[in-house]
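Asker: Quick one: the structure is below, questions incoming.
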Amino acid sequence: MRRSTRSRRPSGNARTKRLLAVGATLAVFGGVVAVTQISSAGDRRQNKNQQRPVSADCVEPSPGATAPAGRGVTTTRTWQNGRWVTNHWGDGQQTVEECQDTRAGTGGATVGAVAVACPDVVSRLPQVPDRARAEVDRNLNALQTQITEADQRLAADGNKGQAFINNAVLGPLASKRRATLDRITTAIDRFGPRPRSLAGLAACQVQPVNNNNGGNNGGGGNDNDDGNDNDGGNDNGGDNDNGLDVLASNCDDSRLQPHDGFQNGNRCISTAFGEVGAAANNPSLLITDSPQEINRNEGFALRVSTRNLIRDRFLPAGQGGYYLESSLLNEQGLTRGHFHTACRMLPNVDEAPAPEPVPAFFVATEDGGGGAQPDEVTIQVPGLPDSGTAQCAVWAGDGSHRIPMSERANQTPAFDAVRIQVN
């Protein structure tokens, strides 16, 4: 049983009581085709006639690399505030099926793919009384499960036509949602102000999956050609070292092999850092709502506010997009990228944990939103399997997953973290 909920907002704000947000967790349709160029042994510049498959072998993704309720998929979408929020589980690693489709040349996002989109419920709730919180949370989770199941049905049989979608997917979903919304209304009405018009949120629709936001693999190039040579760069002993004892500013003299965009260590990365904005335009980020205590395998939500981060760039690390692209700004001087969310269990709270274990939860999120004014995205965590202290962290990334640069050294990077007790 959840004992308490802590809000990171100032006391007195009605939104502090709204812990869980409903999002339609939606299965992606098809894998994403992605290749990167192989480095020539005799030339540091990429050979554009050579291509490398997504991975040498099609193996199961590491733990945390697939959507918890997605039956093996690595990308899901949530309909929030009138837009699709894309969640890249495991930072773009592929399932065996997606990998095989890609290597066979049949992968790729389905053109015109659709998925279920339902009205947001949490934003329509009054302040939820503490005594109703547990029951409301259970029903909010039920709403999410209903949407996930409907979307899986749509993915399997949606090609049967609109009549089938209306009668076999959207109709039954609306009936289930109506009953669940009635339970939420009754639970709150026992102890506080009765929610109004929740029944009007039962009907869902089908929306195109594509964001059309120029994200993922559009713009900015990802062939790792121009950036990896640092033409005209700061060679050691040159005129641009500001009189400092610079050990290296490129990979010309490195004894390590070049990095190729895949997640491998002991490599040297020559991709240029790229564009950095003015201090007032540098990204910032904050977890605005989180639970303090949960039970094992109990779903919960984190609310994340970002500022100065345009969430429209994501090159899947598992497909060769890691550290591949230079940082880019939009026309207003704001960083283009996405943000990550991870929860890991701490062996103890007295020493830094080992860095290499895979976290219990991880997702990268893009949605084409974001701007100079802060806004929010809700991250649904399906639960953590082990008891103990969990550290849930959120940090911004540019298109190739680096924490965005800042103008000054004494600016706090775009990250935040909370501790959650798991019983």
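The values are calculated or read from the model by the stated rules, or taken from the named source; none is laboratory data. Values in this document were obtained by computation on a predicted structure and should not be read as measured data. Note: ideal-geometry Cβ built from the backbone for every residue, glycine included; neighbour counts use all protein chains shown. Surface areas here come from the heavy atoms of the whole protein model, side chains and all, with no ligands, DNA or RNA. Shrake-Rupley method; radii C 1.70, N 1.55, O 1.52, S 1.80 Å.
Asker: Describe numerically, in nm with one decimal, the distance between label points set 7 Å from Cα along Cα→Cβ at Arg196 and at Arg408.
Answerer: It is 4.7 nm.
Asker: Next up: Please give, to one decimal in nm, the separation of the simple spin-label points placed at Glu149 and Asn297, each 7 Å out from Cα toward the Cβ.
Answerer: 1.7 nm
Asker: How large is ³J(HN,Hα), in whole Hz, for each residue of the stretch 305-321 in order, when computed from phi with the Karplus curve 6.51 cos²θ - 1.76 cosθ + 1.60 and θ = phi - 60°, using x for Gly and Pro?
Answerer: Going residue by residue, I get 10, 10, 9, 6, 10, 8, 8, 9, 10, 8, 9, x, 5, x, 10, x, x Hz, with x marking Gly and Pro.
Asker: Got a sec to turn the phi values of the stretch 287-298 into Karplus ³J(HN,Hα) couplings, 6.51 cos²θ - 1.76 cosθ + 1.60 with θ = phi - 60°, whole Hz, x for Gly and Pro?
Answerer: 7, 9, 8, 7, x, 9, 8, 9, 8, 4, 6, 9
Asker: Let a ≥ b ≥ c be the square roots of the eigenvalues of the Cα gyration tensor of the stretch 316-369; is it rounded (a/c under 1.5), or, if not, prolate (a/b larger than b/c) or oblate? Please list the in-between numbers first.
Answerer: Details: a/c = 2.49, a/b = 2.13, b/c = 1.17.
Prolate, because a/c is 1.5 or more and a/b exceeds b/c.
Asker: Quick check: with the 1.4 Å probe, what order do Lys176, Lys160 take by accessible area, largest first?
Answerer: Lys160, Lys176
Asker: Could you compute the FRET efficiency for Gln205 and Asp157, with r as their C-beta to C-beta distance and R0 at 22 Å, rounded to 0.05?
Answerer: That gives a FRET efficiency of 0.80.
Asker: In addition: Short version: ³J(HN,Hα) in whole Hz for each residue of the stretch 254-264, in order, from phi by Karplus 6.51 cos²θ - 1.76 cosθ + 1.60 (θ = phi - 60°), x for Gly and Pro, what are they?
Answerer: With the stated coefficients, the stretch 254-264 comes to 6, 8, 8, 6, x, 6, 10, x, 9, 7, 10 Hz.
Asker: Rounded to the nearest percent, how much of the accessible area of the stretch 309-413 (1.4 Å probe, protein heavy atoms only) is carbon and sulfur?
Answerer: With neighbouring chains kept in place, the figure for the stretch 309-413 is 51 percent.
Asker: List residues of the stretch 388-405, by number, whose backbone nitrogen lies under 16 Å from a label position 7 Å along Cα→C-beta of Asn242.
Answerer: From the stretch 388-405, the list is 405.
Asker: Can you give the FRET efficiency for Thr186 and Asn166, using 1/(1 + (r/R0)^6), R0 = 30 Å, r = Cβ-Cβ distance, to the nearest 0.05?
Answerer: Values: r = 29 Å, r/R0 = 0.95.
That pair, Thr186 with Asn166, gives E of 0.55.
Asker: Right, another one. Determine how large the accessible area of Ile379 is when every protein chain is in place; take a 1.4 Å probe and give Å² rounded to the nearest 10.
Answerer: Accessible surface of Ile379 is approximately 0 Å².
Asker: Next question. Once you have the Cα-Cα distance between Ala280 and Glu331, take 0.36 nm times their residue separation minus that, and quote the gain in nm to one decimal.
Answerer: On the way: separation 51, 0.36 × 51 = 18.36 nm, distance 1.48 nm.
Gain in length upon complete extension: 16.9 nm.
Asker: With every protein chain kept in place and ligands, DNA and RNA left out, what is the accessible area per residue of the stretch 325-383? Probe 1.4 Å, answer in Å².
Answerer: So the stretch 325-383 comes to 43 Å² accessible per residue, rounded to a whole number.
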